[in-house]
Amino acid sequence: MSSDATMRAITQDTLGGPEVLRPARLATPEPLPTEVQVKVHAAGVNPVDWKSRAGGGMAGVLGDPPFVLGWDVSGVVTKVGFGVHTLKAGDEVYGMPWFPRQAGAYAEYVTAPSRQFALKPATIGHEHAAAVPLAALTAWQTLVDTVRVEKGQRVLIHAAAGGVGHFAVQIAKHLGAHVIGTAGAGNHDWLRSLGADEVVDYTSVRFEKAVHDVDVVVDLVGDDVDSTSTRSLDTLRSGGVIVAVPSGVSPALADMAKERGLRASAFLVEPDGAALARIADLIDQGAVRVEVADVLPLDQAAEAHRRGEAGHTRGKIVLRVAP
């Protein structure tokens, strides 16, 4: 055990609404060889968290409750296991460990392989750093690894003002793309300040009527909401690709894309310490900004879920774990 044999955490004994989340004291995890123990200062809250809490998301991977939610962490290395050479005790780190298996970020300590973490961006605090990993890695792995966006390409990003979306706008711009985002009118000026070249108010115009000749669509909404993925095919030029992040690619969407000479790709983010190091550099250089909508104490995790599920959050919601 750690010097503290038990730790504060938020757990749940059953699937359900935010009210199932409850404070608990659990055994403090110890690092195995190649792992580090991290004292969590802040934990990011993501849609996959509340979906998993209710029985969707990664609940099938997590198994039956009890389990501890959360994957985004920022904190300080407190112990290193045998074989760890990249980090040392005292290092400030951030990461998205173990995804999609349980990381247990809604707790005072986590343990995970050292290479699933990276040094925290030096120019931001833990609460902003905790907002980065899952959302920014989703944007990075989509744009850099999955579709390999090139300079001059036209990229359409749905839900551009959200957690993943606001990072996708900035990363696509950094890659030299012409960036188009869909968002409510209240977020248009802000998105332009992040680098969006065009912003479409999806509440007042059908985006497929306003946007054409796109090379890449990053769909962070999905066909479950107003057939967003299917409608997005109308915006793509021949040979273009849509990455359907939250809902995946249905057989119908795949068939429609193929018939039109387009490609449809599903996506699931994975831990990636090397990419987080590159993202940290972009943050420290001022090329990427981090938007935090709310910071709540750990014991208000249920309220954080309620706010997140209400939708239309600009940026991310974060839990403050360290006092």
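Which helices (runs of 4 or more DSSP H) does the range 227-323 wholly contain that include 1 or more residues that are modelled with pLDDT of 95 or more and farther than 24 Å from Leu156 by Cβ? Ranges flagged: 273-285, 301-309.
Checking the conditions here, which among Gly90, Gly81, Gly57, Gly104 is touching a strand residue (DSSP E or B) at 6+ places or on another chain (Cβ under 9 Å) and under 19 Å from Leu134 (Cα atoms)? Every option except Gly104 fails the conditions. Please tell me if Val80 is farther than 30 Å from Asp213 by Cα and in contact (Cβ under 8 Å) with a residue 12 or more places away in the chain. For Val80, the condition - farther than 30 Å from Asp213 by Cα and in contact (Cβ under 8 Å) with a residue 12 or more places away in the chain - is met.
Taking the criterion of being surrounded by fewer than 24 Cβ atoms within 10 Å (Cβ to Cβ) and in contact with a helix residue (DSSP H, G or I) (Cβ under 8 Å, 6 or more places away or on another chain), the residues of the range 119-136 that qualify are Leu119, Ala122, Thr123, Ile124.
Taken together, His158, His126 contain a single residue that is over 25 Å from Leu319 (Cβ atoms) and over 13 Å from the mean Cα position of the chain (by Cα), which is His158.
Take the conditions (1) touching a residue at least 40 places away in the same chain (Cβ under 8 Å); (2) farther than 30 Å from Val73 by Cα; (3) buried (at least 22 other Cβ atoms within 10 Å of the Cβ); Ala257 misses just one of them, which is (1). So, Thr146, is that one surrounded by fewer than 24 Cβ atoms within 10 Å (Cβ to Cβ), under 14 Å from Gly273 (Cβ atoms) and among the hydroxyl-bearing types (Ser, Thr, Tyr) or not? No: the conditions fail for Thr146.
The values are calculated or read from the model by the stated rules, or taken from the named source; none is laboratory data. This one's a predicted model, so the numbers in the text were calculated from it and none came from an experiment. Methodologically, a virtual Cβ is constructed for each residue, glycine included, from the backbone with ideal geometry; neighbour enumeration extends over all protein chains shown.
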